[in-house]
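Worksheet: the structure to be examined is printed underneath.
The values are calculated or read from the model by the stated rules, or taken from the named source; none is laboratory data. This is a predicted model, so every value here is computed, not measured. Cβ coordinates were reconstructed from backbone atoms using ideal geometry, including for glycine residues, and neighbour counts include every protein chain displayed. These area figures cover heavy atoms from the full protein model, side chains too; ligands, DNA and RNA do not enter into them. Shrake-Rupley method; radii C 1.70, N 1.55, O 1.52, S 1.80 Å.
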Amino acid sequence: MNLMVFGAPGAGKGTQAKFLIEKYGIPQISTGDILRAAIADKTDMGMEAKTFMDEGKLVPDSTIIGIIKDRLIQSDCQKGFILDGYPRTLPQAEALKELMNDMGKGLDKVISLNVPDELIVGRITGRRVCRECGASFHIKFNPSKVEDVCDYCSGKLIIRKDDNAETVKSRLEAYHTQTSPLISFYTDMGVMLELDGTKEVSQVTKDMFKAIG
Ligand code: AP5
């Protein structure tokens, strides 16, 4: 099963991807997590990406497409994968299509989580993420069982550097101008599942599994 979770920053992509991993036993490929790991390792690519991420701008397509090409050929992706945060531009979507064609694979479903902008700021400013595994929680809407401790791996929960009200504005602008045109791209491909992402986390999960079928 080759899946994609799609939506604005803070729509719940990472949160729902964790439930897909549990159900299907396939890896989540989050370009945001890969970039944050490269920043933590202080690689050249990470340092270049950081300048864009700190301002809430998209990292250049050439960098991101290279990351995905390297990741999808790894052995753990052979049975399937969950793309989270990729693609975010039409050139990235075209590159993915070509790459998957070359690999003899197809995209099964794109799960789009629809959440209006006015809810996004509250979600992002209240988010806490696991320093170890990247799992996402929210101080009010989706709290961890133990404060500041990850439910999945017991790692410490931290606030992401780009999770502030100012950067959220740029990230939303990037989403509306560069990423939202992909909705019609995947609708035309016949793989789009649009879900109401404003419901409680557990209800969105139920709706998602029902829609995947
Ligand atoms: P990335 O890490 O991908 O961030 P993002 O897309 O901005 O998405 P988020 O991780 O912020 O949100 P999410 O949808 O996963 O929400 P979550 O589940 O955490 O990218 C960061 C940066 O890297 C980008 O800005 C860009 O610079 C760069 N980048 C990455 N990929 C790129 C690409 N392909 N091309 C170019 N640049 C790229 O949920 C959010 C919060 O809400 C949490 O607190 C959660 O607990 C809570 N929540 C979740 N669901 C619900 C619910 N149903 N009800 C209430 N609260 C909920």
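Overview of values
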| item | result |
| --- | --- |
| Alpha-carbon centroid distance for the pair the range 122-149 / the range 167-213, whole angstrom | 21 Å |
| Amide H contacts of R128 (H built 1.01 Å from N, under 5 Å, at least 5 apart or other chain) | F137, H138, I139 |
| Entries in K69/K156; K57/K79; K13/K169; K109/K206 that, when Cα-Cα distance is taken, lie over 25 Å | K69/K156; K57/K79 |
| Amide H contacts under 5 Å for V149, placed H, 5+ residues apart | L157 |
| Under 10 Å, Cβ to Cβ, from D54 - net charge with Lys/Arg +1 and Asp/Glu -1 | +1 |
| Net charge of neighbours whose Cβ lies under 9 Å from the Cβ of M1, counting Lys and Arg as +1 and Asp and Glu as -1 | +1 |
| Mean shadow area of the chain over all directions, Cα convex hull, nm² | 11.0 nm² |
| Under-5 Å amide H pairs with L83, H placed in peptide plane, nonlocal only | L3, M4, V5, I29 |
| Packing-based order for 56-63, 42-49, using average beta carbon neighbours within 10 Å, highest first | 56-63, 42-49 |
| Rounded to whole Hz, the Karplus (6.51, -1.76, 1.60) HN-Hα couplings of the range 186-195, x for glycine and proline | 7, 5, 4, 6, x, 10, 7, 10, 9, 10 |
| Burial order of peptide ranges 89-95, 206-212 (average beta-carbon count within 10 Å, highest first) | 89-95, 206-212 |
| Solvent exposure of the range 108-213 as accessible area per residue, Å², 1.4 Å probe | 56 Å² |
| Sulfur and carbon atoms: percent of accessible area, the range 55-170 [1.4 Å] | 50 percent |
| Measure of compaction for the range 1-109 (Cα Rg per 2.2 N^0.38 Å) | 1.04 |
